[in-house]
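Below is one structure; the comments refer to it alone.
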Amino acid sequence: MAEAGLDAAARAGDDVARTPMLISRGQALWSAGRDEEALSGCLAGEQLAVATGWTTAAAYLSHHIGWLHLEQGRLADADVWLHRALELTKDDQLGHVRAVALNGLGVMRLWQGDLLDAAELLNAALAINEATGRETSALANRGNLASALRQLGAEAHASALLTEVLAAYRKMSNMRGELSTLDELSQLHSQRGDAATALEVARRAHDMAIAVHDRKATAQTAATVAQAHLALGDATAAAQWFEHCVTIAHDTYPFVEAQALIGLATARLRTGDPTSASYTAEQAARIAGSHGFRLLEKRALAALRASTRPGRTGMDGPPPRIVHP
């Protein structure tokens, strides 16, 4: 339908009408995992929006462009475009576009390991959406905020947020929101030492990711299943799940790939293969370092050190979460 609308607008020479069609087409391509095509369309839409003086559309597309760069691990580009979205919305402090840009920046800070900054940005996005009654957007903010809080050690607050968010997504029959929340809940259970529950919840999230044909979520949830197996002491099963994640994420989702490689290094070390563990940890550190994933780089270097020290068994604890816009 977006293609038909775009063709009609192009034939009519209506640049204003072409812009929302490019937005719709970009979102459809994005949902289908065709990220580079989506990025190209969003860039074309942003140029049209600027040319026609449609500031809100330019800001919205700037957010989309920033988020697509973020998912591909291009954090410098993501930062430019997300801040552009904020600049374009400075006169609309309660607007939806400003809220999604703040959320995007919050997610980026999570990936960079700047957890306090991430929480501040996500709280700002949440405040806008709560003030304007945008409950679906607020749920995404709360889920992302819960991840920041978990990693900051505020487990009780994170748990309360996730319980609320999960109930809301289930009431809405929103499977993507539910699986993302279950993935984060699994990591919270692992962090609290309840690996059996973590595995059960992670498997449920993984099955849902497959059901909705979301490759990135499938990779992420596979890593979470692996982490739970690792916490339960089954390094062989963990390695198999981490390898599954890496196969999907390789050269496509660098954050997920680096995260899984760190876990795989730990699993290989625990199965008595320090040479392979060291090589895998080096791969993870290279990916994380080149993309600016500072928290993951720190974990990768710790795994590398562990693999070269006799008697060490690698890093423990759940990885950071992959989050959604």
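Observations on the structure shown:
- Per-residue 3J(HN,Hα) values for the range 113-129, derived from phi via the Karplus relation 6.51 cos²θ - 1.76 cosθ + 1.60 with θ = phi - 60°, read x, 8, 5, 5, 4, 4, 4, 5, 5, 5, 5, 5, 5, 4, 4, 5, 5 Hz in sequence order (x marks Gly and Pro).
- Within the chain, helix-based [θ] at 222 nm, where runs of 4 or more DSSP H residues each add -39,500 (n - 2.57), nearest 500: -26500 deg cm²/dmol
- Between residue 290 and residue 27, the contour length at 0.36 nm per residue exceeds the alpha carbon distance by 91.9 nm.
- Cβ-derived FRET efficiency at R0 41 Å, residue 203 paired with residue 92, nearest 0.05: 0.45
- Label-to-label distance, nm, for residues given as residue 116 and residue 34 (7 Å Cα→Cβ offset): 4.5 nm
- Solvent-accessible heavy-atom area per residue, rounded to whole Å², over the chain at 1.4 Å: 41 Å²
- For the chain, averaging the sequence separation of C-alpha pairs within contact (under 8 Å, six or more residues apart) and dividing by the residue count gives a relative contact order of 12 percent.
- The relative contact order of the range 160-278 comes to 18 percent, based on Cα pairs under 8 Å that sit 6 or more residues apart.
- Placing a label point 7 Å from the Cα of residue 44 along the Cα-to-Cβ direction, none of the residues of the range 79-112 has a backbone N under 11 Å of that point.
- Every Cα-Cα pair of the range 136-208 was included, and the share exceeding 19 Å stands at 26 percent.
- Where only C-alpha atoms are counted, convex hull volume of the chain per residue in Å³: 119 Å³
- What the phi angles of the range 135-141 give under the Karplus curve with 6.51, -1.76 and 1.60, with θ = phi - 60°, is a coupling list of 5, 4, 5, 5, 4, 4, 4 Hz, glycine and proline written as x.
- The calculated FRET efficiency for the pair residue 240 and residue 192, based on their C-beta separation and a Förster distance of 22 Å, comes to about 0.35.
- Per residue, the average separation of C-alpha pairs within less than 8 Å and at least 6 apart gives the range 234-300 a relative contact order of 30 percent.
- Computed from backbone phi, the HN-Hα couplings of the range 87-103 come to 4, 6, 10, 5, 8, 10, 5, 10, x, 4, 5, 4, 5, 5, 5, 4, 4 Hz, rounded to whole numbers (Karplus: 6.51 cos²θ - 1.76 cosθ + 1.60, θ = phi - 60°; Gly and Pro given as x).
The values are calculated or read from the model by the stated rules, or taken from the named source; none is laboratory data. Keep in mind that what you see is a predicted model, and the values were worked out from it rather than measured. Virtual Cβ from ideal backbone geometry, glycine too; neighbours counted across all protein chains shown. Just the protein is used for accessible areas: all its heavy atoms, side chains included, with ligands, DNA and RNA removed. Shrake-Rupley method; radii C 1.70, N 1.55, O 1.52, S 1.80 Å.
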